[in-house]
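Only one structure is covered here, and it is reproduced in the block below.
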Amino acid sequence: MNEETLLRSAVVTGGGGFIGRAIAIALADDGHDIALWDLDEGALDASRAAISEAHPRAVVSTHALDLTDDGAVTAAAAATVARHGGVDVLVNCAGVFYLTPIDDLDMAAWDRMLSINLRAPVACIRACLPSMVKRGGGAIVNIASISAVVARQANLAYSASKAALVRVTQDLGLDLAEHGIRVNAITPGSTDTPMIRNYDDPDAMREAMLRGSLEKYRIGIPLGRLATPEDHAAAGAFLVSDAARHMTGQNLVIDGGQTLA
């Protein structure tokens with residue numbers, strides 16, 4: 001894809017989540033058609049409504065699927081190509097998180113975490129790759145986590161999945177460069193999403209994360225606030241834009257200095 005060619009059609013997995021939704025809106029801001037992939041049909045509908053409210057003329061499709069089902073991923077890619085003409089951008093945002101201390105680790109939980117957080121992004125890349133190659137290039141963004149770069153207690157499976165996703169990003173940055181396809185990652189720090197709001201005392205949880213006083217997460221945030229989904233969305237929009245045309249295989253950390261503390 002030459003520098004004058006605009007990326008147009010974007011797939012966002014986990015598009016029903018708050019970070020995925022924010023990224024999709026940011027990409028629609030830049031004129032992309034949007035294909036939202038997620039397991040939760042209700043969340044997909046909410047994201048589609050949010051995008052349409054921000055951009056009434058935006059072309060948006062939704063695809064409810066299990067990203068661990070290779071056949072469903074292949075079918076979603078085919079449906080996206082049929083609806084939007086191709087795939088230029090893929091943002092792998094879908095993921096799951098729960099604590100996995102080694103002394104009572106359920107290996108089924110380990111398998112699920114790696115299946116959704118690591119295997120599914122690779123399957124989505126494989127499914128979208130032929131369209132990107134045919135169209136002469138593209139951009140892929142994988143959403144990792146500071147757990148990929150900072151050790152945290154009772155976090156074994158999640159850390160392993162996200163660290164491996166960063167390495168996948170680097171390897172594919174090399175492998176896909178010949179096709180004009182750039183592959184980068186975003187590593188979010190602690191982010192103000194419904195995960196925090198679901199606690200009995202959300203304000204206390206925010207304060208604990210800011211000050212690094214959680215028993216198992218002694219990492220503060222020097223800039224003094226949690227990230228918002230829009231912080232990561234701005235980074236995603238940048239990475240798929242022409243402004244980042246000479247970036248590939250990179251891991252952009254968005255954490256308010258959390259990994260420095």
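The values are calculated or read from the model by the stated rules, or taken from the named source; none is laboratory data. No experiment lies behind these values; they were computed from the predicted model shown. The accessibility values were calculated without ligands, DNA or RNA, using every heavy atom of the protein model including side chains. Shrake-Rupley method; radii C 1.70, N 1.55, O 1.52, S 1.80 Å.
Express the relative contact order of the chain as a whole percentage, based on alpha carbon pairs under 8 Å and six or more residues apart in sequence.
Result for the chain is 19 percent.
Rounded to whole Å, give me the distance from the Cα center of the range 18-73 to that of the range 74-147.
14 Å
Give me the accessible area of T68, 1.4 Å probe, in Å² rounded to the nearest 10.
Its heavy atoms expose roughly 50 Å² to the probe.
In Å², what does the accessible area per residue of the range 149-188 work out to with a 1.4 Å probe?
The answer is 41 Å² per residue.
For the chain, give me the percentage of DSSP beta bridges that are antiparallel, rounded to the nearest 5 percent.
So the antiparallel bridges amount to about 5 percent of the total.
List the residues, sorted by chain then number, that are 5 or more residues from N251 or on another chain and whose placed amide H is less than 5 Å from its amide H.
A185
Given the Cα-Cα distance of R126 and R245 and 0.36 nm per residue of separation, how much length would full extension add, in nm?
40.7 nm
Please calculate the 1.4 Å probe accessible area of D175, with all protein chains present, and give it to the nearest 10 Å².
90 Å²
Quick one: angle between helix 202-211 and the longest Cα principal axis of the chain, in degrees between 0 and 90, rounded to 10, please.
The angle comes out near 80 degrees.
Output the 0 to 90 degree angle, nearest 10, between the alpha-carbon long axis of helix 120-134 and the longest principal axis computed from the alpha carbons of the chain.
Roughly 20 degrees, rounded to the nearest 10.
Where the accessible area of the chain is counted over protein heavy atoms with a 1.4 Å probe, how much of it, in %, is carbon and sulfur?
Carbon-and-sulfur percentage of accessible area, whole number: 53.
Quick one: length gained pulling E41 to A82 fully straight, 0.36 nm per residue minus the C-alpha distance?
Computed gain between E41 and A82 is 12.7 nm.
What residue among L90, L129, L174 has the largest mean-square fluctuation in a Gaussian network model of the chain, using Cα springs under 10 Å?
Fluctuation is largest for L174.
Would you kindly give the portion of the calculated P(r) for the chain that falls above 23 Å, as a percent of all Cα pairs?
Looking at the chain, the distances longer than 23 Å represent 49 percent of pairs.
Normalising by the residue count of the range 30-142, find the relative contact order in percent from Cα pairs under 8 Å and 6+ residues apart.
Once normalised by length, the contact order is 27 percent.
Need one word for the range 1-90: rounded, prolate or oblate. Basis is the Cα gyration tensor (sqrt eigenvalues a ≥ b ≥ c); a/c below 1.5 gives rounded, then a/b vs b/c decides.
oblate
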